[in-house]
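Participant: One structure, pasted below without further comment.
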Amino acid sequence: MSAASTAFNVNRVKRQLEVWLGKENVSDAEVDKINYSRDAWPLRLLRLGRLIIEAKPDLIVWPQTVEQIQRIVKLANQESIPIIPVSGAGGVAGGILATTGGIIVDVKKMNRVLFLDEESFTVTVEPGILGYELEEYLEARGYTTGHLPSSIYSSALGGFAAARSAGVLSSKYGKIEDMITGLEVVLPTGELLRTKAVPRSSMGPDLKQLFIGSEGTYGIITELTLRIAPSPEETQFASFLFPDLHSGMNAVKQVFRQDLKPALIRLYDENETRFVLSRFKPPSDGACVLNFIYRATKDFVRLEKRTVTKICLEGGAEDLGPGPSKHWWNNRFDLYYPSSMNMGPGMLYDVLDVASSYANLEKMYWEMRKAIEAFGVGTMSHFSHFYPDGGNIYVIFVGHANSPEEVETKYQQIWDAGLEAAHRAGGTLSHQHGVGLLKAPWMPIEHGETGFALLQAIKQYLDPNNIMNPGKLGFGNETSKFPKEGASQ
Amino acid sequence: MTPPNSTALSNTLDDFAKISRLCSLCSRMCRHSCPTHLVTRSDACSPVGRALIIELYRGGKSALTEAAVDRLYQCNLCGACKAWCMPRHELPRIIELSRERVVAEHRAPAGTLELDKNTSEFFNVYGEPHDERFAQLQSILKNQTSTAEIAYFVGCTTAYRHPEIASATHTVLARLGIDFTFLNGEKNEVCCGSPLIRAGFIESAKSLAEQNVKAIKESGAKTILTTCPGCARALKLDYPQLGIHLPKKVKVLHMVEFLVKQSEQLAPLIKSPLQTKQTGSILTMTYHDPCHLGRELGIYEPPRQLLKLIPGADLMEFPHNREYADCCGGGGALPKTFPALAEEITRTRLADTPSASNSYLVSACPNCKLHFTETQNQVKETDLKILDLMEILAQVLKERR
Ligand SMILES: Cc1cc2nc3c(=O)[nH]c(=O)nc-3n(C[C@H](O)[C@H](O)[C@H](O)COP(=O)(O)OP(=O)(O)OC[C@H]3O[C@@H](n4cnc5c(N)ncnc54)[C@H](O)[C@@H]3O)c2cc1C
Ligand code: SF4
């Protein structure tokens, strides 16, 4: 599949787009293009910290209607111009990088709440509304989506869906794919696809799911309908200290076996436990903290709390009270602000977010740690999304190298070794962060030859000229795992 | 005028290099609070966007092109980003410093050049004759002593656009029996320089600051009161930063700071709850936190405490209040550089006022009043009554016996 042509008459296209969208909604200014050459992918940020300019789009547009998007896409399709949809630009895998130039379609001006259906408990929104903006709107009316990833400030609804994100309270409220009941998508040829917003359907495969996680390669999401939940009547916190990871994990399984769904179940490994308890008490070697948040009606919270406490104490835990869990909730964004610790010269960092069934989860954790720590970097991990059948691992690594070149080599080696270990252990290579450029080469490995060929065939059918977000999800003929430094300057 | 390429200025921008670098790499944790971003929805027109432009400039990767200058000036300098920043980065200060570079490179936007011209020729931002600074305050000037220990620094906007705030202030102080003087006549108050500091014209601002310090010294006043948070910030914080100092014994206070200490004397003077002429019913009020007064000077509660002295007053809050309050749209010279953008921000704040019908929108800043009033008159979307806190107090205070 060849990438769309990068050589197009930018001025002519710009003039046309200005007629359709208005001058203020089209830009080819250098400083704007550089600002749109980054998301929150740590590798891109490490490079940007060295002021490396790469992956710039040729144009950026801010459409305000679906019809405008259709026009833009049709034009791009006719002229084989790459299109890169952007919502919050808070993705962490390089999903919006214009490695082959083209037009960035930033949907953030499409930020309206279209319909709050209080009878059906759904809300219909445009894709450019930030997670925070939607939550603020709903909270004022007594609701929440329950979709609260740590990127509610950084990301917008279109991106949540396109990158198949999961909020920190996913155990109770579900992940984005569980919440979306209907989608509208502008296909790469400009046609409009609307799926019915219904609770469920058995009229063949669920088309909307094809687009949830398609990261802009199958089309541009222009409208979403999501389930909402009432704002919780009661929220309570609890923390337990287990002697080791295994006993903590067992307690989690017991909680699900009792048919309970606390909003948050978050188990820290020994390294992160030391960090989490630094302001509380020093833990014994190997000890692991398990945090819970209960959010429901008062009665239900009482029941949940009683049962969970019993399970944990019987599982050998010490009850730490609400402190560590509450502290995490109130300060959960702190880690995401830039600091000299990870952005300093020679520093390298990132997060591997993988998932598996319980049968493989602990094994996967130990094998990934071994594989990653072999490179002389430190790790700390938590299991932050649990389900009745398994959960994720969020492995944070932080290290140092002597030169920028070494930073990049080591970074890539760590990712390769970590994902290889996860794959061997039977896990999926991303639970929530998506593929982008970072994990593009792993798509055939994740899905198998047959599976990936099917995804590619769908791409070929939907997007014969490969204009939509070329190179992402492994679609395209790019062979390098990472864009070469300075690509598309 | 500012000398071109003053190296001292570029050093100052470099002093903040660590912060601008980190902000340029941020995952946009404060973007949702940036009023200009929320209108443009462009990631270049955002705290991170501006920090990256500054970093590119500092690193020699981008000149101060027209678009770069536009983005740096498409900022209200409202400081909302600081409230959302866990490490509390002073990004607005860095943007101010970058504007100094823009000015030094002779690339300042036309609207700001007008500010500079007006203040250097007429000593006020509006380009009105300097000798008419107190023209609209003649009736209250009559009874002023010229030797009082307290001086009221009026500021350009109150003097030339909203003199009713000065009249109201006069009434309030008079009812409290407080003797004060203006810095008029030979004492010669001029623009405080805040608009120039915000727009990057630092040398011009210094010259105004020096004139004001001289005027204050000559007046012999020990306390300077002002109803303008921009003036208060300039006198309290900016002048010392510019190396220009008032005598140590001189205190500068925004009127709400001063009055809240007089609460005991004020309370018994309040005659009745506010009433509308039309309905006779008690009115609701929403207090808008001015950016300079709130986030810069940390004054959130005194204005509320003063309004709550009014029996039966129903004080409402914006959904975003205190540290998280949204800008009125008038900050950072935006109305001079991007008036349509500024107006859109003002409209949004007006529309967010709770209980919008027939209630008061109260601020403690003449610039907020100016922008709210002008925009409301244009769009006519609400029937809010926009008043300064001094006007509210003046209405409810009875004569002292
Ligand atoms: C601080 C921080 C914390 C995070 N925490 C979490 C977390 O808790 N859970 C989690 O799941 N993720 C998390 N992430 C990752 C990120 O939030 C998710 O990947 C999110 O889904 C990205 O949304 P966005 O709006 O930022 O997307 P963008 O970065 O704009 O885009 C992501 C991808 O989707 C495509 N896309 C964007 N908009 C559209 C559209 N309208 N139609 C089609 N394709 C589109 C883009 O082309 C790109 O490929 C975090 C990121 C940050 C920076
Ligand atoms: S001020 Fe803080 S939150 Fe805003 S961009 Fe800078 S680091 Fe990020």
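Participant: Do we have any residue at all in the range A:194-208 that's over 19 Å from the mean Cα position of the chain (by Cα), among the charged types (D, E, K, R), within 15 Å of ligand 1 (Cβ to nearest atom) and under 17 Å from A:M179 (Cα atoms)?
Facilitator: At the first step, the residues of the range A:194-208 found to be over 19 Å from the mean Cα position of the chain (by Cα) are A:194-207.
Now drop any that are not among the charged types (D, E, K, R), which leaves A:194, A:196, A:200, A:206.
Next, from what is left, pick out any that are within 15 Å of ligand 1 (Cβ to nearest atom): A:194.
Checking the rest, the ones that are also under 17 Å from A:M179 (Cα atoms) come to A:194.
Yes: the range A:194-208 contains one or more residues that are over 19 Å from the mean Cα position of the chain (by Cα), among the charged types (D, E, K, R), within 15 Å of ligand 1 (Cβ to nearest atom) and under 17 Å from A:M179 (Cα atoms).
Participant: Quick one: in the range B:32-43, which of the residues that are within 13 Å of ligand 2 (Cβ to nearest atom) and within 7 Å of chain A (Cβ to nearest Cβ) is farthest from the chain's Cα centre (by Cα)?
Facilitator: Filtering the range B:32-43 for residues within 13 Å of ligand 2 (Cβ to nearest atom) gives B:32-34, B:37, B:43.
Checking which are within 7 Å of chain A (Cβ to nearest Cβ) leaves us with B:32, B:43.
Working: B:H32: 22, B:D43: 26 Å.
Once the filter is applied, the top-ranked residue is B:D43.
Participant: Another question about this same structure. Let me confirm something: among A:E79, A:E118, which residue is more than 11 Å from chain B (Cβ to nearest Cβ), touching a residue at least 60 places away in the same chain (Cβ under 8 Å), of a type in the set (D, E) and open to solvent by 10 Å² or more (accessible area, probe 1.4 Å)?
Facilitator: On the way: A:E118 fails: touching a residue at least 60 places away in the same chain (Cβ under 8 Å).
Being more than 11 Å from chain B (Cβ to nearest Cβ), touching a residue at least 60 places away in the same chain (Cβ under 8 Å), of a type in the set (D, E) and open to solvent by 10 Å² or more (accessible area, probe 1.4 Å) holds for just one of A:E79, A:E118, which is A:E79.
Participant: Is the range B:46-55 home to any residue that is within 9 Å of another protein chain (Cβ to nearest Cβ), outside any helix (DSSP H, G or I) and under 25 Å from A:F333 (Cβ atoms)?
Facilitator: Initial filter on the range B:46-55 (within 9 Å of another protein chain (Cβ to nearest Cβ)): B:46, B:48-49, B:52-53, B:55.
After this cut, where a residue has to be outside any helix (DSSP H, G or I) as well, the list is B:46.
Still in the list and also under 25 Å from A:F333 (Cβ atoms): B:46.
Yes, the range B:46-55 contains a residue that is within 9 Å of another protein chain (Cβ to nearest Cβ), outside any helix (DSSP H, G or I) and under 25 Å from A:F333 (Cβ atoms).
Participant: Cβ contacts < 6 Å: first residue farther than 21 Å from B:K82 by Cβ, restricted to the range B:293-311; second residue open to solvent by 50 Å² or more (accessible area, probe 1.4 Å), any location; separation 6+ or different chain. Result?
Facilitator: Cβ pairs passing all conditions: none.
Participant: Yes or no: A:M347 touching a strand residue (DSSP E or B) at 6+ places or on another chain (Cβ under 7 Å) and more than 26 Å from A:G390 (Cα to Cα)? Steps first, answer last, please.
Facilitator: Working: touching a strand residue (DSSP E or B) at 6+ places or on another chain (Cβ under 7 Å): yes; more than 26 Å from A:G390 (Cα to Cα): yes.
It is true that A:M347 is touching a strand residue (DSSP E or B) at 6+ places or on another chain (Cβ under 7 Å) and more than 26 Å from A:G390 (Cα to Cα).
Participant: While we're looking at this one, here's another question. Any idea which residue in the range A:399-434 is most open to solvent (accessible area, probe 1.4 Å), counting only those that are away from ligand 1 (no atom under 16 Å from the Cβ) and assigned to a strand (DSSP E or B)?
Facilitator: That would be A:H400.
Participant: Here are some residues: B:A68, B:A44, B:A80, B:A51. Which one is open to solvent by less than 10 Å² (accessible area, probe 1.4 Å) and within 15 Å of ligand 1 (Cβ to nearest atom)?
Facilitator: On the way: B:A68 fails: within 15 Å of ligand 1 (Cβ to nearest atom); B:A80 fails: within 15 Å of ligand 1 (Cβ to nearest atom); B:A51 fails: within 15 Å of ligand 1 (Cβ to nearest atom).
Being open to solvent by less than 10 Å² (accessible area, probe 1.4 Å) and within 15 Å of ligand 1 (Cβ to nearest atom) holds for just one of B:A68, B:A44, B:A80, B:A51, which is B:A44.
Participant: Restricting attention to the range A:32-54, report how many residues are facing chain B (nearest Cβ under 7 Å) and assigned to a loop (DSSP other than H, G, I, E, B).
Facilitator: As a first pass, look at the range A:32-54 and keep what is facing chain B (nearest Cβ under 7 Å): A:32, A:34-36, A:40, A:45, A:48-49, A:51, A:53.
If we keep only those that are assigned to a loop (DSSP other than H, G, I, E, B) too, we end up with A:36, A:40, A:51, A:53.
Counting residues in the range A:32-54 that are facing chain B (nearest Cβ under 7 Å) and assigned to a loop (DSSP other than H, G, I, E, B) gives 4.
Participant: For B:I19, work out the one condition from (1) within 11 Å of another protein chain (Cβ to nearest Cβ); (2) within 16 Å of ligand 1 (Cβ to nearest atom) it doesn't fulfil.
Facilitator: For B:I19, the failing item is (2).
Participant: I would also like to ask the following. State yes or no: is A:L437 outside any helix (DSSP H, G or I) and either touching a residue at least 12 places away in the same chain (Cβ under 8 Å) or outside the structural domain of A:Y36 (by TED's automatic domain parsing) (or both)? First the steps, then the outcome.
Facilitator: Working: outside any helix (DSSP H, G or I): yes; either touching a residue at least 12 places away in the same chain (Cβ under 8 Å) or outside the structural domain of A:Y36 (by TED's automatic domain parsing) (or both): yes.
Judged against the criteria, A:L437 is a match.
Participant: While we're on this one: Among (1) open to solvent by 30 Å² or more (accessible area, probe 1.4 Å); (2) in contact with a helix residue (DSSP H, G or I) (Cβ under 7 Å, 6 or more places away or on another chain), there is one condition A:G94 misses while meeting the rest; what is its number?
Facilitator: The one condition A:G94 does not meet is (1).
Participant: Looking for whichever is without any contact (Cβ under 8 Å) to a residue 24 or more places away in the chain and either away from every other protein chain (no Cβ under 14 Å) or within 16 Å of ligand 2 (Cβ to nearest atom) (or both) here; the options are B:R71, B:R88. Which one fits?
Facilitator: Numbers: B:R71 fails: without any contact (Cβ under 8 Å) to a residue 24 or more places away in the chain.
Unique residue meeting the criteria: B:R88.
Participant: Can I ask one more? Away from chain B (no Cβ under 14 Å), in a loop (DSSP other than H, G, I, E, B) and at positive phi: does that describe A:G167?
Facilitator: Working: away from chain B (no Cβ under 14 Å): yes; in a loop (DSSP other than H, G, I, E, B): yes; at positive phi: no.
Spelling it out, it is not the case that A:G167 is away from chain B (no Cβ under 14 Å), in a loop (DSSP other than H, G, I, E, B) and at positive phi.
Participant: Sticking with this one: Taking the conditions exactly as written (within 16 Å of ligand 2 (Cβ to nearest atom) and either over 21 Å from A:V66 (Cβ atoms) or among the acidic types (D, E) (or both)), does A:I152 satisfy them or not?
Facilitator: Answer is yes for this residue.
Participant: Okay, next question. Just checking, which of A:S150, A:S87, A:S165, A:S170 is touching a Pro at 6+ places or on another chain (Cβ under 8 Å), open to solvent by less than 30 Å² (accessible area, probe 1.4 Å) and under 27 Å from A:P388 (Cα atoms)?
Facilitator: On the way: A:S150 fails: touching a Pro at 6+ places or on another chain (Cβ under 8 Å); A:S87 fails: under 27 Å from A:P388 (Cα atoms); A:S170 fails: touching a Pro at 6+ places or on another chain (Cβ under 8 Å).
When all the criteria are applied, what remains is A:S165.
Participant: While we're here: Give me the residue from the range B:165-193 that is touching a Lys or Arg at 6+ places or on another chain (Cβ under 9 Å) and touching a residue at least 60 places away in the same chain (Cβ under 8 Å) and, out of that set, surrounded by the fewest Cβ atoms within 10 Å (Cβ to Cβ).
Facilitator: Among those that are touching a Lys or Arg at 6+ places or on another chain (Cβ under 9 Å) and touching a residue at least 60 places away in the same chain (Cβ under 8 Å), it is B:G177.
Participant: Six or more apart or on different chains, Cβ atoms under 6 Å: show the pairs whose first residue is in the range B:15-37 and closer than 22 Å to B:L341 by Cβ and whose second is near ligand 2 (Cβ under 9 Å from one of its atoms) and open to solvent by 30 Å² or more (accessible area, probe 1.4 Å).
Facilitator: B:C30/B:W84; B:S33/B:W84
Participant: Looking only at the range A:340-356, count how many residues are outside any loop (DSSP other than H, G, I, E, B), open to solvent by less than 50 Å² (accessible area, probe 1.4 Å) and not acidic (D, E).
Facilitator: Final tally of qualifying residues: 10.
The values are calculated or read from the model by the stated rules, or taken from the named source; none is laboratory data. Worth saying up front: this structure is predicted, and the values here are computed from it rather than measured. Positions of Cβ are generated from backbone atoms using ideal geometry, with glycine treated the same way; all protein chains shown enter the neighbour counts. Protein only, heavy atoms only, side chains kept; ligands, DNA and RNA dropped before computing areas. Shrake-Rupley method; radii C 1.70, N 1.55, O 1.52, S 1.80 Å.
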